[in-house]
Every structure is written in C-alpha cells, then in structure tokens.
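The structure appears right after this line, and notes come after that.
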Amino acid sequence: MSTTPQVLTTEQVLTTEQVKAKFAREGKTFSAWAEERGYHRVDVYRVINGMSKARRGKSHLIAVELGLKAAA
C-alpha cells in the first residue's frame, strides 16, 4: 500500500502551507501523490486541509508521509 514513512524529528515537521508550497514547486498534485501510494485522494485532502486530525489509522499515516507529523 505505502512505502515506509520517513522518520522526522519535531523540528523537521512541515506545516500544511509548506507542504502545499512544496507540491506546487515540484508540480505534483495531491491526487497523483495519493494514487502513487494507494490512498484515496479524498483522505489526503482531508488531512492537508485540516478536516481530519490524523491522530490514528490511515489519516495518521498520510500525515506522516506528507511530513506533517513525526512518526510515533
């Protein structure tokens, strides 16, 4: 389903605005990113737009892979 998440320290965690800017710089879409990793694009948009707290489960994994949260 997904690759092993990169382990980040709390200093390396990005904000949603930083992630959006990174995707824009790289010319990537969240839909394409989600498809590459086997996630539903709606779940990714919920995490990136703050509609999901991403505390556990799939949403947490998405947040970790996006760099929004450090791995537990």
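The values are calculated or read from the model by the stated rules, or taken from the named source; none is laboratory data. Just so you know, these numbers come straight off a predicted model, no measurement behind them. Note that each Cβ is placed from the backbone with ideal geometry, even for glycine, and that neighbours are counted across all protein chains shown. Just the protein is used for accessible areas: all its heavy atoms, side chains included, with ligands, DNA and RNA removed. Shrake-Rupley method; radii C 1.70, N 1.55, O 1.52, S 1.80 Å.
General observations
- ARG25 being over 11 Å from the mean Cα position of the chain (by Cα), of a type in the set (D, E, K, R) and either modelled with pLDDT of 95 or more or surrounded by 13 or more Cβ atoms within 10 Å (Cβ to Cβ) (or both): yes
- So SER52, is it touching a helix residue (DSSP H, G or I) at 6+ places or on another chain (Cβ under 6 Å), modelled with pLDDT under 95 and open to solvent by 40 Å² or more (accessible area, probe 1.4 Å): no
- Helices (runs of 4 or more DSSP H) within the stretch 21-72 that include 1 or more residues of a type in the set (Phe, Trp, Tyr): 30-37, 41-48
- Test: ARG37 is open to solvent by 80 Å² or more (accessible area, probe 1.4 Å) and over 9 Å from the mean Cα position of the chain (by Cα): no
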